[in-house]
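A.B. asks: Structure below; questions to follow.
The values are calculated or read from the model by the stated rules, or taken from the named source; none is laboratory data. Fair warning: this is a prediction, and the values are worked out from it, not measured in the lab. Backbone-built Cβ (ideal geometry, glycine too); neighbour counts: all protein chains shown. Heads up: the accessible areas ignore ligands, DNA and RNA and are worked out on the full protein's heavy atoms, side chains in. Shrake-Rupley method; radii C 1.70, N 1.55, O 1.52, S 1.80 Å.
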Amino acid sequence: MTYTGDVGEVSAVWRPVAEVPNIDRPLSQARLVAPGDVTRNQFGLFDWRMKPRAGGAAPHFHKTFSESFYVTSGVVSLFNGETWVNAAEGDFLYVPEGGVHAFRNETDEPASMLILFAPAPPREKFFRGLAEILDSGRQLSREEWAEFYARHDQYMV
């Protein structure tokens, strides 16, 4: 996207912390700091907080967006498609489209990270849908899981 105007415009978006929605799970919390509907679909930014031994996402990839991880506290195990690395505060992992990746908290301490999606897919719909499935107790077949993941551009490996 390119701005073609000759003068600047008032277009910034302010979101006080009280207006940031959360997806609360027993072992993690996703704070939807800047989903695509806030950023003109240029990127999505989530603050992902994990309790001790929270586990996380299994190896997967996306076809239409990149994903970046910036650890803000604790130690997060990140899978770069080849090996797991223990990422500490300040460490960063960039995963382009098609790149296999995963994350988890295997430590006895809480951990958090920022996750950046670009361009911005509606990842909040994926995480809300996943929470609804888990909370309902529904048992999905392998085919139903594959369809759910594909609908949200997530392909498990």
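A.B. asks: Would you mind checking which residues have amide H under 5 Å from A87's amide H? H placed 1.01 Å from N; only 5 or more apart, or other chain.
C.D. replies: Correct list: V76, S77, L78.
A.B. asks: Give the ranking of E147, E82 by solvent-accessible surface, highest area first, calculated with a 1.4 Å probe. If you can, show how the numbers build up before the last one.
C.D. replies: Working: E147 95, E82 160 Å².
I get E82, E147, largest accessible area first.
A.B. asks: Testing the spin-label approximation: label points 7 Å from Cα along Cα→Cβ at R128 and A18. State their distance in nm.
C.D. replies: Computed distance between label sites R128 and A18 equals 2.2 nm.
A.B. asks: Moving on to the next point. Between exposed chymotrypsin sites (Phe, Trp or Tyr not before Pro) in the chain, where DSSP calls loop and at most 12 other Cβ atoms lie within 10 Å, what's the longest gap?
C.D. replies: Counting only loop sites that pass the neighbour cut-off, the longest clear stretch is 15-157.
A.B. asks: At V7 and F148, where each label point lies 7 Å from the Cα along Cα→Cβ, what is the point-to-point distance in nanometres?
C.D. replies: For V7 paired with F148, the spin-label model returns 5.2 nm.
A.B. asks: Show D6, D108, D47 ordered by accessible area, largest first, where the area counts protein heavy atoms only and the probe is 1.4 Å.
C.D. replies: Largest accessible area first, the residues go D6, D108, D47.
A.B. asks: Determine the per residue accessible area of the chain with all protein chains present and a 1.4 angstrom probe, expressed in square angstrom.
C.D. replies: 59 Å²
A.B. asks: Quick one: with all protein chains in place, what share of the accessible area of region 1-115 is carbon or sulfur, to the nearest percent (1.4 Å probe)?
C.D. replies: That fraction is 54 percent.
A.B. asks: Please list the non-local residues whose amide H lies under 5 Å from the amide H of F65, H modeled 1.01 Å from N, same-chain partners needing a gap of 5 or more.
C.D. replies: Excluding prolines and chain starts, which carry no amide H, the hits are G98.
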